[in-house]
Each structure stands twice: as structure tokens, then as C-alpha cells.
Amino acid sequence: MAHKHDPNEKIVFIGDSRVRKKDHSNVVPPDYTAFPGKSEAFIPNFLLKEWMVGVVVLVGFLTLVIAEPAPLGYPADPLNSAFIPMPDWYFLFLYQLLKYPYASGDYIVLGILGLSGLPFISLLLAPFLDTGKERRFYRRPIASSLMLVSLVAVAYLTWVSWNHYEHELEINGQIPEHIEREIKAREAIEKGLPRPVPGREKIAAMVAADDPAFTETMTKAQCIACHGAELEGANGPTLRGIGDVLSKEELVETITNGKANGNMPAFKDNLSTEEIDKIATWLSKQKAEAK
Amino acid sequence: MFKNMYNWIDERLDITPMWRDIADHEVPEHVNPAHHFSAFVYCFGGLTFFITVIQILSGMFLTMYYVPDIINAYYSVDYLQHQVAFGAIVRGMHHWGASLVIVMMFLHTLRVFFTGSYKAPREMNWVVGMLIFFVMLGLGFTGYLLPWDNKAYYATKVGLEIAGSVPFLGDYIKELMNGGTIVGAQTLTRFFAIHVFFLPGVLLALLAGHFFMIRKQGISGPL
């Protein structure tokens, strides 16, 4: 392309000595006769083949992206004590390892330096630990078996950690927040309501605020301690507009027996059936549309 | 016209040898999946780089909408996810790409390990590769906090508690990363800066070293 000079030219005068005479004789591709077989140039021959592999990966990747939207839960709430912490999946093995009694508490030094730090340092310095000339893995039994054991351990710990998380969700009657949020958004859209943005929902006005069911019974039952003096929500959720979400029967059930995750206590011992019925009737009237 | 422009630049800067070196270097048969299907294992490194490029590009677009403060972070992500055209796709690519890049890098590391390619004279390239691995994990950890939902918040809290349990230095590491004593406003801006400026800078420098070395030393021979 840029060969403008006659290659037989003996002398080339260049005004500025800092500009080197162009010599493209040294850009001949390096000789790969050491690797017998069909070598080919990187660009474009090989890169196009690698690109084909890349395209297969890209199609799979974009399919995943379209099929499965990136998750988003509810806004971070430092006071939320019911949330089950969950690191990203590739940290789970470490998370699980540091839960075991021999790797935590009094043995945390062993857990951090010995069981986590040492393998990572060895991996970093592998070429200086495994210095033999042999490259085939089955001729390097120590290095290969250490790696295989680590792989099995990492896979096992990840699996245990994930199982534990699923189990915790189950016994607490929770579903992951991003799924709950998605379900609620879908329900709202199906009802023709705008998509709710968690934490920014418009709070519905209170219906029949002077009803004794609220002013007397609910005050006596300490509902407002968790749900807010105006039922606008505090530690517990808002009860404004609850009538759109739960029916009267469901409200009776929730007040009587509480919620399985333990956040809402059962009131069957503190309130009579009539009182619960009175509250549930009043709450079921709390609809956003009513006004 | 382009040829004239190219020649004009080449006469002054002598750029031809730079790209000819990259374009013309030969790729041996044993790593070419067109000749041996099993050679696809040699593609993992290139694919890691490919996904890294996707991460950089999608991340650049995400910063156009993302706001790193504790009041607005969550709502900027919510807006990005639901209101911005193709926002869900770009965020989805960044979210899933973050996992995929770890998977690809893991497979690439295993390939290099089991083919013994880290042995002399390529020890330094392995060490740089492992540093890239750690930087990627750091990117994963800092990026996880940014949506500022409960999952992000509590994962970071747990992660920093683990960092805090490192003997001797733990408390200092934890406070440095927290930007104080709690996971809060300072932590979010700090993680954002680390995720968007510090670690990508380190990553690009390490990648340059990684590629320079592989180009200089060539790929390891067949087993």
C-alpha cells in the first residue's frame, strides 16, 4: 500500500533525520514452521472464524437479554430486617465457605488467609509453583488434582449456598423482591392502573376517617404503631387503598392470624371476632377509586 | 482519497508496521476451530475480550441515565429499565454480560491451566491474567451495589463485613470501602467511582499488557 520507494534505491535523502527511512522488510509475518500445519494470517482469515464463534455467543447472549430482563427489587431499606442477603452467584462459594464454624468466628484467620487467601495466592503464582517443563495436565498430577479438587469444592459450595437461600426463602414465605415487583407491576397494568414505582406510589386518601372502627378499635389495637398514624405506612406497609388489594375475608384472615413471615403479628388473642370484623369491614372500604 | 490520506499520515508517522504486525501474524492450526472443532476452547480468551467490549459500551450508555446518589439511584435505574428506549436491553446486556464475562474468563483460565500454557516463558502473562480476574471480580462487586435495591445493599453489607474480618487490616479496608462506618451515601459514590473510573482504568492497562505479551511471545504450541 505505502510502498512508494523503489526498493533498489541505494540512498534516500530525508530532510529531518528523526524520520526513519521506511523499511518494511521486517514486517514479514513471523515464521510458524515450528507449528506444522495450516497457519493463517490473523486478519482477516482467522479473525473471521473467531468472529463466527463470537456471533453464536452473541445470539445466545441477546436471546437471554431479551427473554430475561435484568432484575430490580425494591429500594434499599437499611431497616428491613427480613431481607435475606444474597451476593452475586460467583461470590457464593466464598460466602458459604466463611459461614462454616472452622472458617469463621475464632477461626476466621484460617478461613480468610488459609482457606480463601492461600488458594488465590497459589493460583496467582501458579507458574512459579508448577515449574516443570511438562505441559500436559495428566503428566502434572499435583497441579491438576489440586485444581480439580478446588473446582469440585467451588461447585459444591455454590450449590449448598444457593440451596440454603432457596430454603430460607421458603421457610420465611418470601419470594425474591424483583419477582414480587414484576408480579405487582403486571397486576397493576392488567387492571389498567399505571405501573407502580416502588416507594413512589401515590398514597390513596383515607375513606371514612371518622369511623369509630378506625378512631377507636384500630387505635386500641396499636395498628398505627406499625402502619403509621394516618395509615400511610411506617415499618409496616400502608393500609390506604388496601381494599383494592385484599378482600374483606383476606383482611380478617391477616388480622386474625398475622403473616407467615412474622412481620405482621396475629391479633386473635387481643381482639374479639366482632372487633376484627369491624376493622376488616372498614379496611375493605379503603379503595383508591372510592373518594 | 482515503489512500492518499493514509499515505500522507504514513509518510509522517510510519504507521504501516504497527497494524501490519497485528494483521499479518500467523495463527497456527492447533488453535483454529475451522481445522479442529475442539480448538474452540482457544476462543474463550477472545470471547472474554468481546464481552468486555460489550460491558464497556453498554456501561457508557448506562452512565447517561444513572445517578449515583442514594435518593435517585434506584429511581434512575427504574426509569432506565422502563422508560428509556432500549434501556431494558442495554441494562440487560450489562447485567447478564457481567455474569458471562466471569464465565468466559473462568473457562479461559481453565484452558490456560490445563494446557499448561502458563509455563515458561509465559509466567508473567498468567500473573497479569490473574490480576485481570481479580479486577473483574472487583468490578462485579462494586457494580452490584449501584442499582441500590435491597439485594444490592445487603450483598454489599455482607461483602464488607467479610472484608472487615480480614486479620489486622480488615477494619481499615472496610472503612476505606465504606467511606465511613455504614453502607450509605459515601459508599455508593465511592463504589460508582471505583466501578466506572478506577477499575476500568486498571483493567485497560492490564489488558494492554496481556495482549502485548501474547503478541510478543506468540501462542503456546500444540501439546
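The values are calculated or read from the model by the stated rules, or taken from the named source; none is laboratory data. For clarity, every value in this text was computed on a predicted model and none was experimentally measured. In this analysis, Cβ positions are derived from the backbone assuming ideal geometry, glycine residues included, and neighbour counts consider all displayed protein chains. Note: accessible area is taken over every heavy atom of the protein model, side chains too, but ligands, DNA and RNA are not part of it. Shrake-Rupley method; radii C 1.70, N 1.55, O 1.52, S 1.80 Å.
Of all the helices (runs of 4 or more DSSP H) wholly in the stretch A:126-223, which have at least 3 residues that are open to solvent by 50 Å² or more (accessible area, probe 1.4 Å)?
Those helices (runs of 4 or more DSSP H) span A:141-171, A:177-190.
Taking the options B:VAL77, B:VAL103, name whichever one is surrounded by fewer than 20 Cβ atoms within 10 Å (Cβ to Cβ) and either within 9 Å of chain A (Cβ to nearest Cβ) or part of a loop (DSSP other than H, G, I, E, B) (or both).
Just a single option satisfies the conditions, and that option is B:VAL103.
Is it fair to say B:TYR65 is open to solvent by 10 Å² or more (accessible area, probe 1.4 Å), assigned to a helix (DSSP H, G or I) and more than 8 Å from chain A (Cβ to nearest Cβ)?
No, not satisfied.
Select from the stretch B:141-159 the residues that are open to solvent by less than 10 Å² (accessible area, probe 1.4 Å) and not hydroxyl-bearing (Ser, Thr, Tyr) and write down the one among them that is farthest from the other protein chains (Cβ to nearest Cβ).
B:LEU145
Among the numbered criteria (1) over 20 Å from B:ILE214 (Cα atoms); (2) part of a helix (DSSP H, G or I), which single criterion is violated by B:MET18?
So B:MET18 meets the others, but not (1).
In the stretch B:33-62, what count of residues is obtained for those that are open to solvent by 70 Å² or more (accessible area, probe 1.4 Å) and of a type in the set (Gly, Ala, Ser)?
Number of matching residues: 1.
Could you check B:ILE15 against (1) open to solvent by less than 40 Å² (accessible area, probe 1.4 Å); (2) free of Cβ contacts under 8 Å to residues at least 12 places away in the same chain; (3) not acidic (Asp, Glu) and say which number it fails?
Unmet for B:ILE15, out of (1) open to solvent by less than 40 Å² (accessible area, probe 1.4 Å); (2) free of Cβ contacts under 8 Å to residues at least 12 places away in the same chain; (3) not acidic (Asp, Glu): (1).
Which residue is nearest to A:GLY173 (Cα to Cα), if the candidates are limited to the stretch A:251-265 and must be open to solvent by less than 90 Å² (accessible area, probe 1.4 Å) and not β-branched (Val, Ile, Thr)?
Only one residue fits best here, namely A:ASN261.
Note down all Cβ pairs under 6 Å where the first residue falls in the stretch A:192-221 and is in the same structural domain as A:GLU275 (by TED's automatic domain parsing) and among the β-branched types (Val, Ile, Thr), the second is open to solvent by 50 Å² or more (accessible area, probe 1.4 Å) and assigned to a helix (DSSP H, G or I), and they're at least six residues apart or on different chains.
Note: pairs meeting the criteria are A:THR217/A:LYS278.
Is it the case that some residue within the stretch B:121-140 is open to solvent by 20 Å² or more (accessible area, probe 1.4 Å) and over 22 Å from B:ALA208 (Cβ atoms)?
no
Residues checked against (1) open to solvent by 100 Å² or more (accessible area, probe 1.4 Å); (2) over 30 Å from B:ARG91 (Cα atoms); (3) assigned by TED's automatic domain parsing to the domain that holds A:ILE112; (4) modelled with pLDDT of 65 or more:
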site	(1), (2), (3), (4)
A:MET1	yes, yes, no, no
A:ASP6	no, yes, no, yes
A:ILE11	yes, yes, no, no
A:ASN26	yes, yes, no, no
A:PHE35	no, yes, no, yes
A:PHE46	no, yes, no, yes
A:LEU64	no, no, no, yes
A:ASN80	no, no, no, yes
